[in-house]
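**Student:** Questions regarding the structure given below will be posed in turn.
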Amino acid sequence: SQQGEEDPQALSIQEGENATMNCSYKTSINNLQWYRQNSGRGLVHLILIRSNEREKHSGRLRVTLDTSKKSSSLLITASRAADTASYFCATENTGNQFYFGTGTSLTVIP
Amino acid sequence: DAGVTQSPTHLIKTRGQHVTLRCSPISGHKSVSWYQQVLGQGPQFIFQYYEKEERGRGNFPDRFSARQFPNYSSELNVNALLLGDSALYLCASSEDSHSYEQYFGPGTRLTVT
């Protein structure tokens, strides 16, 4: 089974609002990454946070990591219609295996 | 620089046949990983190769195999295709075998009839 679970499965917000999605995982990790996917094509890497980091920012993105709770969150601030996509968290465990979550489908309404 | 490229873009095969999918990583990247993504689900890890050696393997049957060539390109082979093998197959490259972000290709969509 997949390592990660995203919550919510789907999210619809108005343009300009913030979007928050959460990811939970099961085992010890080296790092956690967030990806974006449009229309079932290739994934685009957004941000990587290492297991010894707690928070990271990149533009309008803010990622947190809580290794004690085995969870991470992705916050997209001031959302735009172009942010509409599926978002996945991915973990690399200590055995060089990569696991993606089930994804959150984000719709930003203009 | 060109990104990760995959070929073919789309193919249709019949149950029982075999298929070979190809991937060229970003120049300078030595690690290639393969994923299977069934419609509506997240990608599932199949293999990771680094410097032509298998570094990681997901929970897939032995019908799935892969290899990496000296130029770091890679092939994924699937034998005895089943209907359930229909999926988007994604290739990702990274600089090293771990702790680096992965760059994904556009994928090969395989349909098994």
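**Student:** Within the stretch B:102-113, can you find the residues that are outside any loop (DSSP other than H, G, I, E, B) and either under 30 Å from A:GLU53 (Cα atoms) or within 11 Å of another protein chain (Cβ to nearest Cβ) (or both)?
**Tutor:** Passing the criteria: B:TYR103, B:PHE104, B:THR108, B:ARG109.
**Student:** Scan the stretch A:3-12 and give yes if some residue there is without any contact (Cβ under 8 Å) to a residue 12 or more places away in the chain, surrounded by 15 or more Cβ atoms within 10 Å (Cβ to Cβ), at the interface with chain B (Cβ under 8 Å from one of its Cβ atoms) and in a loop (DSSP other than H, G, I, E, B), otherwise no.
**Tutor:** no
**Student:** Still on this structure, please answer the following. Within the stretch A:97-107, how many residues turn out to be part of a strand (DSSP E or B) and within 14 Å of chain B (Cβ to nearest Cβ)?
**Tutor:** Qualifying residue count, the stretch A:97-107: 5.
**Student:** Hey, can you tell me all the residues within the stretch B:92-101 that are in contact with a Pro (Cβ under 9 Å, 6 or more places away or on another chain) and either on the phi > 0 side of the Ramachandran plot or more than 9 Å from chain A (Cβ to nearest Cβ) (or both)?
**Tutor:** Within the stretch B:92-101, B:SER93, B:SER94 meet the criteria.
To keep it simple, each residue is scored yes or no on (1) under 15 Å from the mean Cα position of the chain (by Cα); (2) closer than 15 Å to B:TYR35 by Cβ.
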{"position": "A:MET21", "(1), (2)": "yes, no"}
{"position": "A:LEU32", "(1), (2)": "yes, no"}
{"position": "A:THR64", "(1), (2)": "yes, no"}
{"position": "A:ILE76", "(1), (2)": "yes, no"}
{"position": "A:SER86", "(1), (2)": "yes, yes"}
{"position": "A:GLY95", "(1), (2)": "no, no"}
{"position": "A:PHE98", "(1), (2)": "yes, yes"}
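**Student:** Would you confirm whether or not the stretch B:43-51 contains a residue that is within 15 Å of the chain's Cα centre (by Cα), buried (at least 20 other Cβ atoms within 10 Å of the Cβ) and assigned to a loop (DSSP other than H, G, I, E, B)?
**Tutor:** Within the stretch B:43-51 (the criterion being within 15 Å of the chain's Cα centre (by Cα), buried (at least 20 other Cβ atoms within 10 Å of the Cβ) and assigned to a loop (DSSP other than H, G, I, E, B)), the answer is yes, since at least one residue qualifies.
**Student:** If you don't mind, there's one more thing I want to ask. Among the residues of the stretch B:67-83, are any closer than 21 Å to A:VAL44 by Cβ, at the interface with chain A (Cβ under 10 Å from one of its Cβ atoms) and either in contact with a strand residue (DSSP E or B) (Cβ under 8 Å, 6 or more places away or on another chain) or free of Cβ contacts under 8 Å to residues at least 12 places away in the same chain (or both)?
**Tutor:** no
**Student:** Determine, yes or no, whether A:ALA82 is assigned to a loop (DSSP other than H, G, I, E, B) and aliphatic (A, V, I, L, M).
**Tutor:** Taking the combined requirement at face value, the residue does not satisfy it.
**Student:** Take the residues in the stretch A:66-96 that are free of Cβ contacts under 8 Å to residues at least 60 places away in the same chain and within 14 Å of chain B (Cβ to nearest Cβ); name whichever of them is surrounded by the fewest Cβ atoms within 10 Å (Cβ to Cβ).
**Tutor:** A:GLY95
**Student:** For the stretch B:22-37, which residues satisfy the criterion of being small (Gly, Ala, Ser) and crowded, with 18+ Cβ neighbours inside 10 Å?
**Tutor:** Residues satisfying the conditions are B:SER24, B:SER31, B:SER33.
**Student:** Then there's this: Could you run through the stretch B:66-101 and say how many residues are small (Gly, Ala, Ser), surrounded by 15 or more Cβ atoms within 10 Å (Cβ to Cβ) and not in a loop (DSSP other than H, G, I, E, B)?
**Tutor:** Number satisfying all stated conditions: 6.
Bear in mind these aren't lab numbers, they're just calculated from the coordinates by the rules spelled out. Bear in mind the structure is a predicted one, so any value in this text is a computation, not a measurement. Quick reminder, even Gly has a Cβ in these numbers, built from the backbone with ideal geometry, and neighbours come from all protein chains shown.
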